[in-house]
1. Within 12 Å, Cβ to Cβ, of residue 498, how many net charges do the neighbouring residues add up to if Lys/Arg are +1 and Asp/Glu are -1?
2. Mind giving me the nanometre distance, one decimal, between the label points for residue 385 and residue 80, set 7 Å out from Cα along Cα→Cβ?
3. Calculate the dipole size of the chain relative to its Cα centre from +1 charges on Lys and Arg beta carbons and -1 charges on Asp and Glu beta carbons; express the result in debye to the nearest 20.
4. Residue 285's amide H: which non-local residues (gap 5+, or another chain) put their own amide H closer than 5 Å, with H modeled 1.01 Å from N in plane and none for Pro or chain starts?
5. Which value results for Rg/Rh of segment 4-92 when Rg is the Cα radius of gyration and Rh the Kirkwood radius based on the inverse mean 1/r?
6. Net charge around residue 278, counting only other residues with Cβ within less than 9 Å of its Cβ (Lys, Arg = +1; Asp, Glu = -1)?
7. Please arrange 372, 30, 107, 323 by how many other C-beta atoms lie within 10 Å of their C-beta, fewest to most.
8. Just to confirm the number: angle between the C-alpha axis of helix 438-456 and the first principal axis of the chain, 0 to 90 degrees, nearest 10?
Amino acid sequence: MQENTSLKVLREKAMKLPLTPGVYIMKNKSGKIIYIGKAKKLKNRVSQYFGSQNRHSTKVRKMVENVADFDYILTDTEFEALVLECSLIKQNMPKYNILLKDDKGYSYIKITKGEWGTIAPCFRKDDESADYLGPYTGNYSVTNAVDQACEIFRLPTCSKQFPRDINRLARPCLNYFISRCSGVCAGKITKEEYKENLDGAVEFLKGGSAKLLRELRAEMEAAAENLEFEKAAKLRDKIRAIERIASRQKVVVKDSVEEDVFAVVESGEKACLAVLSFRDGLLVGSEHFILNACEDMRREAITSFYSMGRYIPSLIVVDEEISDAELIGEYLSEKKGKKVTVTVPKRGEKAKVLEMCLSNAAQKLGEHLGKSGKETAVLDELRKLLGLSKTPEYIESYDISHTAGSDNVAGMIVFKNGRPYKKAYRRFAVKSFDGQDDYGSMREVISRRFNRYMEEKESGEGFGVLPDLILLDGGEGQVNAVKPIIEAFGLDVPVFGMVKDSSHRTRAITADGSEIAISSIRQVFTLISSIQEEVHRFAITYHKQKHTKSTLASRLTEIEGIGKKKAELLIMHFRTVSALSSASREELSAINGISKNDAERIYNYYHSERM
């Protein structure tokens with residue numbers, strides 16, 4: 001971290017900024033731009049960076065550590081600031097902005113000009129005289145789309161060049177006879193018909209198959225009315241070919257002409273952005289990007305995505321509310337030249353598509369981190385449900401167990417990355433009081449746990465790990481008992497209670513006097529139920545062990561000459577009542593601290609009871 005004096009100087013400079021819209025530009029000590037952002041009120045936004053660092057995410061803290069100076073540009077409106085921010089990010093590619101890069105190359109569809117133009121997939125724009133569609137990710141999908149367009153509109157896919165090779169052969173190739181080619185090489189089609197087919201193929205590749213079908217059907221009906229039956233039959237064949245190709249893919253969004261769906265799943269400092277593209281209700285593209293998790297991730301990701309030259313649809317669907325949604329809609333509308341809407345659906349078909357997008361993001365992020373997609377998804381869902389600032393990868397859970405106030409104990413379990421992490425399980429015997437007081441017991445246990453954290457935090461292991469989330473087996477009272485303890489340590493660890501129903505099954509999560517229902521969210525419900533059952537099992541198992549020993553010790557002190565200390569020696573040596581009661585006089589007297597007279601009395605105590 002920079003020295004406090006440096007942060008102080010930067011904060012003083014930030015406090016002199018005006019409360020007007022603008023763009024701020026963070027620079028490192030060599031003057032290189034490392035981050036660009038926009039603000040509705042520059043003074044408020046920029047000064048936040050140089051205040052308390054505890055409020056920032058890891059990425060922001062790292063960025064601030066490297067800031068030596070900052071510049072700014074005032075704008076008249078927040079919209080102008082957004083446009084300028086996008087432009088400057090694209091020009092400067094700052095390290096700490098979201099720059100969508102992945103390991104996939106981009107493909108294009110090349111459309112050559114002339115009377116006998118062609119369409120073909122390619123990896124780069126190498127011909128200034130040609131037109132291009134794209135960029136697209138994944139060469140396979142591009143090649144497949146071109147093959148489909150050529151099949152529907154009977155465009156040649158051979159290596160012949162036209163018009164040079166027209167009529168060089170007496171007979172066209174096999175593709176002509178199976179209706180996969182219009183027979184250009186044999187002069188079976190006119191220039192005008194060929195151009196019409198090529199234009200139709202380009203329209204199809206642009207994702208306009210619904211519009212194209214309407215036009216072709218209208219043209220077919222007109223040709224039939226004019227008794228142009230041959231033309232009508234050719235149009236009918238094109239329509240059937242388009243419908244056949246379209247039927248190969250599942251229709252997911254029935255009421256949409258065009259939309260892109262964005263979903264982000266986080267895990268620790270990493271996140272995955274998944275994008276599904278729909279045209280005419282059909283899924284036509286799927287992409288994903290591995291990112292460093294940060295603030296305003298979705299806003300930056302969306303603006304960065306479309307700055308890459310992507311086609312902008314009329315509807316942008318996002319999995320969470322984003323800052324400046326209206327501004328982004330306005331910005332994209334201006335780029336597209338038509339109205340663009342940004343929305344977060346809560347139910348219905350679009351919400352189901354979002355679930356599919358989230359599932360893809362979770363799976364890809366899981367693969368990247370070496371986890372399962374299911375575990376990644378449920379932890380991200382829990383983060384959203386509880387409003388946490390980071391994914392709860394390290395969850396601690398506590399439960400108190402006793403018998404009518406005696407033998408008070410607590411169990412602490414850990415779930416790491418959605419799975420039990422038994423290496424970190426801990427047991428506590430409540431020491432500060434006797435009697436029944438669950439709140440007091442929990443306060444003692446949490447105090448002891450975080451005292452150990454303060455002692456061992458440099459190790460980063462065991463008690464030296466700060467949990468991302470604490471779940472208590474209990475309601476609001478337990479949460480209120482614990483929160484002041486954690487705050488007194490100066491720590492910010494979210495605490496929630498796990499509430500059971502009358503049948504002792506997990507019902508909800510509670511905090512701040514309100515309950516969050518989880519029964520309708522299957523994966524989260526399963527995780528929380530597993531945690532609650534496991535912590536209860538762990539605590540009650542320890543209590544039973546302690547209570548059994550306590551009962552045994554109590555019975556042993558009934559024997560003449562056996563006090564608490566000798567009872568403990570016997571319990572430590574024999575462990576169980578069965579082993580102790582079966583011991584011979586010699587075995588008993590062999591214990592250091594147990595005399596022959598003691599052994600005789602113990603032996604008689606158990607054997608006389610059996611008579």
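1. Its environment carries a net charge of -4.
2. Result: 4.7 nm between the two label points.
3. 1000
4. 277
5. We get a ratio of 0.95 for segment 4-92.
6. -3
7. 30, 323, 372, 107
8. The angle comes out near 70 degrees.
Laboratory data are not the source of any read-out in this text; all were calculated from the coordinates shown. Quick caveat: nothing in here was measured; it's all calculated off a predicted structure. Every residue, glycine among them, receives a Cβ derived from its backbone with ideal geometry; neighbour counts consider all protein chains shown.
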